[in-house]
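The values are calculated or read from the model by the stated rules, or taken from the named source; none is laboratory data. As the structure is a computational prediction, the values presented were derived from the model and not from experiment. Here the Cβ positions follow ideal geometry from the backbone for every residue, glycine too, while neighbour counts run over all protein chains shown. With ligands, DNA and RNA removed, areas are computed over all heavy atoms of the protein, side chains included. Shrake-Rupley method; radii C 1.70, N 1.55, O 1.52, S 1.80 Å.
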Amino acid sequence: MQETKAIKEGGKFSRRELLSAAAAAGGMMAAPGCSRSGPSGATGTGPIDPVVVALDNHAVVETTAGKVWGFTRNGIHTFLGIPYGAPTAGKARFQRAAKPEPWAGVRTTMHYGKVCPQGPRAGWNNDVEAFLMQWDDGQPGEDCLRVNVWTPGLDNRKRPVMFWIHGGGYQAGSGQELPAYHGENLARRGDVVVVSVNHRLGVFGFLNLAEYGRQYEESANVGMLDLVLALEWVRDNIANFGGDAGNVMIFGQSGGGGKVNTLMTMPEARGLFHKAAVQSGSLLMAARPEESAKFAATVLSILGIGKSQIARLHEVPVEALLRAQVEAQQKLATPQPGGLPRPLIMPTVDGKVLPSVPFDPVAPEISAGIPLLVGTVLNEFNPAMSNPQAEDMSEEELMKFAGEVFKGKAGAVVEACRKVYPGIKPVEVRSILSAISFFRQGAIKQAERHTALGKAPVYLYQFNWKTPVMGGRPRAFHCQELPFVFYNIERCANSTGGGAEPRALAAKISDAWINFARTGDPNHSGLPRWPKFDPATAPVMIFDKDCVVKPDPERELRALIEEASKA
């Protein structure tokens, strides 16, 4: 990946050179079966011929820092790696980011920018998981505060803005890490402007150094302040990209969903977005100051840096910081039986940048008027997804897991699960119980608490469609809904299998997200009526081959799990 650079205004290149540059940026072959659509969102099913335009004085937009030059692919104007903040290396580490320095002339924005440096991903060691996800880790660097924009028109129309926040917890990922995140098809289908973002992660974005000097009082949350800065960039610039700064939806999955929750709790983010969607991200937690301070002290100890030497931290090589992060996580990790340990890297409740834990014990009043779309996938962390042996999990192995997690309620919990989902295998029982414990309980609580404020609707969903890839073993796994939301079925054929069935479901799901971004209501003619959340009945839209609305199918099961967690 090449660093974007300024070019002299009016600079001349051959058409072949320009097309080659655009090809390197976006991948020129259109995915087969991608559909054409107009502003109404109505689509066809035929393939789009790959048409790319990257010429002087074409797709050039004025921003607050200078002009940017993108390219047009299949009618969608694409701008990749636009700086929304200044580089964060050296003295800028652990500080609130500054706005980018203005540039002269026109800056090329035809390839993704740097991604925040991050440690190794566990999935790298599993080729099945890598096959399904198709990760693109990009090129790391501390000049990583970049946004990507896909827009149908540079025409001053006020289109809804869909601001995507990537997953990976608070320590991994980027706006380009999965092909599912590519915004072209969603922008075309919904006549919307799609924006994705990179920001600081891990020790670069969430290291609590507050006790080491006033200059670090915000260091525990600068990664979240980056997202606020990116939303301010949208507010100040998106009109020139054909978007409406007064109609911005933030949406994210997994850790990205957690970041949506956190933004809804941050006073500085108020007014910068108007709808929110949380996909498999309702963990409803944040670090206590003493927790994040202990982690920071462990990192500094590993690096051999004392309080009087704190300035050295700005000179430590990136690789050394990442090694210290990983080692500190290994030292302080507290595994839980059958579950995930409490994260050691996440935003800190500091009373100022983040006044409280998002949605716990109540929803944040400052976002009471924000319509909320929230949900999960059926199986989430399915052990058989990347481990074929887990498919043959025995009843004894299931009960051992259930006993570790649910103690004396294990038998009742397993029985209740099979009552809701009759005929499922032991590995499916385990995956569903884990999904409820990690995410579904939180999603229901979040829906209840936001609804209790009485000022905005909430819509609840569950994605149950099981992939046919690998004989269906992965099922409805964590991240599987992403190609459907972005209408990227063929682009993500490794996980969807491609074809008419998933594409038909993607039309229903992406149109729901688009309508929600536009109006705060996901309903459209392709779905049964989707009622607002009501705590008494907890209606949930089940996304599957046949989409249906059900009144809280897991209520009894969730109650047993909740009871077991308090034992």
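What the table shows:
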| item | result |
| --- | --- |
| So residue 59, is it open to solvent by less than 20 Å² (accessible area, probe 1.4 Å) and either of a type in the set (Ser, Thr, Tyr) or over 21 Å from the mean Cα position of the chain (by Cα) (or both) | yes |
| Selection from segment 373-385 of residues that are surrounded by fewer than 22 Cβ atoms within 10 Å (Cβ to Cβ) and in contact with a Leu (Cβ under 9 Å, 6 or more places away or on another chain) | 381 |
| Residue check for residue 87: open to solvent by 40 Å² or more (accessible area, probe 1.4 Å), closer than 28 Å to residue 206 by Cβ, in a loop (DSSP other than H, G, I, E, B) and at pLDDT 75 or above | yes |
| Lone unmet requirement of (1) more than 20 Å from residue 79 (Cα to Cα); (2) of a type outside the set (Phe, Trp, Tyr); (3) surrounded by 21 or more Cβ atoms within 10 Å (Cβ to Cβ) for residue 250 | (1) |
| Complete set of residues in segment 286-297 that are open to solvent by 10 Å² or more (accessible area, probe 1.4 Å), touching a residue at least 60 places away in the same chain (Cβ under 8 Å) and in a helix (DSSP H, G or I) | 289, 293 |
| Helices (runs of 4 or more DSSP H) wholly inside segment 181-272 containing at least 3 residues that are under 24 Å from residue 319 (Cα atoms) and touching a Cys at 6+ places or on another chain (Cβ under 8 Å) | 202-206 |
| Residue count, segment 448-466 (criterion: assigned to a loop (DSSP other than H, G, I, E, B), open to solvent by 20 Å² or more (accessible area, probe 1.4 Å) and not charged (D, E, K, R)) | 3 |
| For residue 201: the one exception among (1) in contact with a Leu (Cβ under 9 Å, 6 or more places away or on another chain); (2) closer than 23 Å to residue 297 by Cα; (3) not basic (Lys, Arg) | (1) |
| Hits in segment 153-178 (condition: over 30 Å from residue 295 (Cα atoms) and open to solvent by less than 30 Å² (accessible area, probe 1.4 Å)) | 153, 159, 160, 161, 162, 163 |
| Among residues of segment 226-244, those that are open to solvent by 10 Å² or more (accessible area, probe 1.4 Å) and in contact (Cβ under 8 Å) with a residue 40 or more places away in the chain, counted | 7 |
| Residues of segment 275-285 satisfying the condition of being under 14 Å from residue 346 (Cβ atoms) and either open to solvent by 10 Å² or more (accessible area, probe 1.4 Å) or out of contact with any helix residue (DSSP H, G or I) (no Cβ under 7 Å at 6 or more places or on another chain) (or both) | 283, 284, 285 |
| Inter-residue pairs, beta-carbon under 9 Å, first closer than 12 Å to residue 432 by Cβ and acidic (Asp, Glu) and in segment 370-389, second open to solvent by less than 10 Å² (accessible area, probe 1.4 Å) and in a loop (DSSP other than H, G, I, E, B), 6+ apart | 380/280; 380/476 |
| Filter pass, residue 565 being within 16 Å of residue 445 (Cα to Cα) and surrounded by fewer than 14 Cβ atoms within 10 Å (Cβ to Cβ) | yes |
| Checklist (1) among the hydrophobic types (A, V, I, L, M, F, W, C); (2) open to solvent by 10 Å² or more (accessible area, probe 1.4 Å); (3) within 30 Å of residue 132 (Cα to Cα); (4) outside any loop (DSSP other than H, G, I, E, B) applied to residue 366, failing item | (3) |
| Residue list for segment 467-515, filter: among the β-branched types (Val, Ile, Thr) and in a helix (DSSP H, G or I) | 469, 485, 496, 509, 514 |
| Which listed residue, of 81, 66, 75, is loosely packed, with under 15 Cβ neighbours inside 10 Å and on the phi > 0 side of the Ramachandran plot | 75 |
| Tabulated pairs, segment 93-116, first over 17 Å from residue 314 (Cα atoms) and in a loop (DSSP other than H, G, I, E, B), second open to solvent by 40 Å² or more (accessible area, probe 1.4 Å) and of a type in the set (Gly, Ala, Ser), C-beta under 9 angstrom, 6+ apart or interchain | 103/6; 104/6; 105/6; 105/10; 111/21; 111/24 |
| Cross-chain or 6+ apart pairs with Cβ under 7 Å, segment 310-330 first and part of a helix (DSSP H, G or I), then of a type in the set (Ser, Thr, Tyr) | 310/212; 328/298 |
| Among residues of segment 511-525, those that are closer than 14 Å to residue 161 by Cα, small (Gly, Ala, Ser) and surrounded by fewer than 24 Cβ atoms within 10 Å (Cβ to Cβ), counted | 1 |
| Which numbered condition residue 389 fails, given (1) open to solvent by 60 Å² or more (accessible area, probe 1.4 Å); (2) in contact with a strand residue (DSSP E or B) (Cβ under 9 Å, 6 or more places away or on another chain) | (2) |
| Neighbours by Cβ (under 7 Å, 6+ apart or cross-chain): first from segment 60-81, more than 11 Å from residue 109 (Cα to Cα); second of a type outside the set (Val, Ile, Thr) and part of a strand (DSSP E or B) | 65/83; 66/107; 76/150 |
| Residue within segment 549-563 that is within 18 Å of residue 460 (Cβ to Cβ), touching a Leu at 6+ places or on another chain (Cβ under 6 Å), touching a residue at least 24 places away in the same chain (Cβ under 8 Å) and not in a helix (DSSP H, G or I) present | no |
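Results for (1) modelled with pLDDT of 95 or more; (2) in contact with a helix residue (DSSP H, G or I) (Cβ under 6 Å, 6 or more places away or on another chain); (3) under 25 Å from residue 264 (Cβ atoms), shown as yes or no for each residue.
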{"site": "357", "(1), (2), (3)": "yes, no, yes"}
{"site": "362", "(1), (2), (3)": "yes, yes, yes"}
{"site": "425", "(1), (2), (3)": "yes, no, no"}
{"site": "438", "(1), (2), (3)": "no, no, yes"}
